[in-house]
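Working notes, beginning with the structure itself.
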Amino acid sequence: MASPIILEVRGLSAPPLLRGEFSFILREGDRLGVYGHSGSGKSVLLRALMRLMPYRGEVVWHVARSSVGYASQRPRLIPRASVLQQILWCAQLHGVSLSPHGSRIHELLEQWGLQPRRQQAVHRLSVGEQVRLEMCCAMATASRLLVVDGLLEQMDERTRATFWEEVDARCARRELAVIFATHSAREAEMADRVLILHEGRPLAIDTPDRLRALAEEQTVQLRSVQARLKRGDKQEEVQVTLHRRPTMEDVLHTLLQREGLP
Amino acid sequence: MKPFARLCAMCVRLLVTSPLWWVLAVPVLVWRWRHPAGGWLWFLAFVLAGAVALGVTVLLEAGGGLYGRIHLAGAERVFLASAGVALLVLSLVLFVVSAALR
């Protein structure tokens with residue numbers, strides 16, 4: 001049986017930045033990656049979904065808005081608040097009960113490496129720590145859906161691993177659905193489905209495997225490998241051909257070629 | 001009731017840590033001390049100072065980040081109500097302090 005629907009999008013557009021019409025359904029436990037180059041309209045799409053800007057078409061939420069956690073590309077934190085206050089305030093606005101001395105808040109602070117900074121003012125945090133705090137606030141408030149706008153690229157490897165660990169566990173239990181925007185081909189492949197867009201238009205939406213099938217297997221020839229022969233000083237050029245799986249970037253190129261787009 | 005009280009506490013904290021609120025409230029306190037005008041007018045001045053400071057915090061600080069969060073959580077009404085209560089309580093405290101100073 002299919003999981004309950006969380007979000008339905010029908011013919012969504014937001015001219016002039018989002019010129020194409022977007023339609024998809026998001027179910028419980030889904031991980032939807034929005035992939036495209038910088039300026040392709042990923043953030044605009046997410047902002048329109050969150051009703052933070054005017055749009056055309058239909059966006060139907062089947063869950064309460066307070067159950068949605070949103071991590072913005074630019075952390076929206078109150079500079080004079082402490083780390084702990086910031087998380088508690090976000091939780092309070094979403095109606096999530098978090099006690100400053102409870103186990104959940106300590107778990108979150110530990111998970112995002114913010115425990116030593118819990119009493120520090122936000123403006124004293126480094127950029128990386130502010131990104132982690134923004135993610136921590138989104139995680140604290142996301143009880144049904146988490147929307148992450150381009151923050152994954154700003155995180156270090158360890159924090160990204162923490163993020164995916166938590167998301168995988170919660171998605172597997174069908175507690176949470178995730179939409180994330182990224183311009184990293186590798187990150188996009190972490191999703192169950194990838195929506196590829198270019199210049200504000202949707203090119204394809206499907207599973208990473210099916211999308212990869214659209215692009216041909218890539219071959220890379222390395223010509224400059226030189227080997228010194230044992231006898232004499234002759235040098236020989238060796239050609240090595242590597243075959244690699246197509247990435248989302250290759251898929252994007254293939255789709256652009258098919259559509260005749262630059 | 002508890003979530004509402006927590007939001008009120010959040011608004012009070014946002015106000016008392018706001019430099020703008022102090023910049024506006026302290027002159028009102030001083031004027032009230034020096035000029036014996038109608039009492040409720042001063043109370044209104046304290047409310048206005050708080051409203052301006054909270055409005056700036058919500059709409060302008062961190063690029064309107066707090067407004068974005070309130071809108072996102074669909075908590076506009078409850079936040080407005082709690083902000084109103086916080087403003088009245090703080091203004092009343094200042095009003096009483098200013099009356100005691102005179």
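Quick look at the numbers
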quantity	calculated
Residue that is acidic (Asp, Glu), touching a Ser or Thr at 6+ places or on another chain (Cβ under 6 Å) and surrounded by 15 or more Cβ atoms within 10 Å (Cβ to Cβ), where the choices are A:21, A:28	A:28
Matching option when the condition is over 23 Å from residue B:59 (Cα atoms), in a helix (DSSP H, G or I) and either more than 10 Å from chain B (Cβ to nearest Cβ) or in contact with a Pro (Cβ under 6 Å, 6 or more places away or on another chain) (or both), among A:128, A:39	A:128
Filter result for the condition that a residue is free of Cβ contacts under 8 Å to residues at least 40 places away in the same chain and of a type in the set (Phe, Trp, Tyr), over B:42, B:31	B:31
Exclusive hit being assigned to a loop (DSSP other than H, G, I, E, B) and either surrounded by 11 or more Cβ atoms within 10 Å (Cβ to Cβ) or at pLDDT 75 or above (or both), set A:158, A:174	A:174
Residues (of a type in the set (A, V, I, L, M), within 10 Å of another protein chain (Cβ to nearest Cβ) and in a helix (DSSP H, G or I)) located in region A:79-106	A:88, A:91, A:93
Residues satisfying the stated conditions in region A:184-200, i.e. out of contact with any strand residue (DSSP E or B) (no Cβ under 8 Å at 6 or more places or on another chain) and assigned to a strand (DSSP E or B)	A:198
Cβ pairs under 7 Å, 6+ apart, first in region B:48-77 and within 7 Å of chain A (Cβ to nearest Cβ) and on the phi > 0 side of the Ramachandran plot, second of a type in the set (Ser, Thr, Tyr) and assigned to a helix (DSSP H, G or I)	B:74/A:66
Residues (within 14 Å of chain B (Cβ to nearest Cβ) and surrounded by fewer than 18 Cβ atoms within 10 Å (Cβ to Cβ)) located in region A:42-56	A:51, A:52, A:53, A:54
Of residues in region B:1-12 being of a type in the set (A, V, I, L, M) and under 13 Å from residue B:57 (Cα atoms), the one farthest from the other protein chains (Cβ to nearest Cβ)	B:12
Hey, residue A:116 exposed (fewer than 14 other Cβ atoms within 10 Å of the Cβ), within 24 Å of residue B:3 (Cα to Cα) and without any contact (Cβ under 8 Å) to a residue 40 or more places away in the chain or not	no
Region B:13-42, subset surrounded by 19 or more Cβ atoms within 10 Å (Cβ to Cβ) and within 14 Å of chain A (Cβ to nearest Cβ), residue farthest from residue B:101 (Cα to Cα)	B:14
Condition met for residue A:181 (part of a loop (DSSP other than H, G, I, E, B) and at pLDDT 90 or above)	no
Selection within region A:65-76 - touching a residue at least 24 places away in the same chain (Cβ under 8 Å) and either surrounded by fewer than 16 Cβ atoms within 10 Å (Cβ to Cβ) or closer than 18 Å to residue A:181 by Cβ (or both)	A:68, A:69, A:70, A:71, A:72, A:73, A:75, A:76
Enumeration of residues in region A:57-78 that are assigned to a loop (DSSP other than H, G, I, E, B) and either within 21 Å of residue A:155 (Cβ to Cβ) or away from chain B (no Cβ under 14 Å) (or both)	A:62, A:72, A:73, A:74, A:75, A:76, A:77
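The values are calculated or read from the model by the stated rules, or taken from the named source; none is laboratory data. Just so you know, these numbers come straight off a predicted model, no measurement behind them. With ideal geometry, Cβ positions are generated from the backbone for all residues, glycine too; neighbour counts draw on all protein chains shown.
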